[in-house]
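Undergrad: A single structure is presented below for examination.
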Amino acid sequence: MESISDMRCLHSLILQNNGIDDSCVEELDAILAIKRIVRLDLSRNRLDRMAGSAIARTLSSCSHLEWLE
């Protein structure tokens, strides 16, 4: 089975309303590290302080992401 990092055509990832919360920080870091993903929708999830801090740290050095919700 192919992982998302192997999917060469993947540029947008919509994870809206998927129950993602602070326990998913490692997975979010891995997703944000995939340079082909330029659009990421994490809206309507329960991202609190831990996930928000992890996303902010990653975004400070992330130049490939053009759109984040």
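The values are calculated or read from the model by the stated rules, or taken from the named source; none is laboratory data. Predicted, not measured: the structure shown is a model, and the values here were computed from it. All Cβ positions, even for glycine, are placed from backbone atoms using ideal geometry, and neighbour counts span all protein chains on display. Quick note on the areas: whole protein, heavy atoms, side chains included, nothing else; ligands and nucleic acids left out. Shrake-Rupley method; radii C 1.70, N 1.55, O 1.52, S 1.80 Å.
Undergrad: Give region 20-69 a look and list any residue that's in a helix (DSSP H, G or I), among the acidic types (Asp, Glu) and within 17 Å of Met7 (Cβ to Cβ), or say none.
TA: Once the filter is applied, which keeps residues that are in a helix (DSSP H, G or I), among the acidic types (Asp, Glu) and within 17 Å of Met7 (Cβ to Cβ), region 20-69 yields only Glu27.
Undergrad: Is it true that Leu59 is open to solvent by less than 30 Å² (accessible area, probe 1.4 Å) and in contact with a Leu (Cβ under 9 Å, 6 or more places away or on another chain)?
TA: no
Undergrad: List every residue pair whose Cβ atoms lie under 7 Å apart, where the two residues are 6 or more positions apart in sequence or sit on different chains, the first residue falls within region 1-26 and is in contact (Cβ under 8 Å) with a residue 24 or more places away in the chain, and the second residue, located anywhere, is hydroxyl-bearing (Ser, Thr, Tyr).
TA: Gln16/Ser43
Undergrad: Further question: When you go through Arg57, Arg46, Arg36, Arg8 one by one, which is the residue that is touching an Asp or Glu at 6+ places or on another chain (Cβ under 7 Å) and not small (Gly, Ala, Ser)?
TA: Arg46
Undergrad: Condition first: of a type outside the set (Lys, Arg), open to solvent by 80 Å² or more (accessible area, probe 1.4 Å) and within 15 Å of His64 (Cβ to Cβ). Can you find one or more residues in region 18-29 that meet it? Working first, answer last.
TA: The initial filter retains those residues of region 18-29 that are of a type outside the set (Lys, Arg), namely 18-29.
Then keep just the ones that are open to solvent by 80 Å² or more (accessible area, probe 1.4 Å); that gives 18, 23, 26-27.
From what's left, within 15 Å of His64 (Cβ to Cβ): none.
No, every residue in region 18-29 fails to be of a type outside the set (Lys, Arg), open to solvent by 80 Å² or more (accessible area, probe 1.4 Å) and within 15 Å of His64 (Cβ to Cβ).
Undergrad: Restricting the search to region 30-52, which residues are touching a Gly at 6+ places or on another chain (Cβ under 9 Å) and open to solvent by less than 60 Å² (accessible area, probe 1.4 Å)?
TA: So in region 30-52, the residues touching a Gly at 6+ places or on another chain (Cβ under 9 Å) come out as 45-46.
Answer for region 30-52, where residues must be touching a Gly at 6+ places or on another chain (Cβ under 9 Å) and open to solvent by less than 60 Å² (accessible area, probe 1.4 Å): just Asn45.
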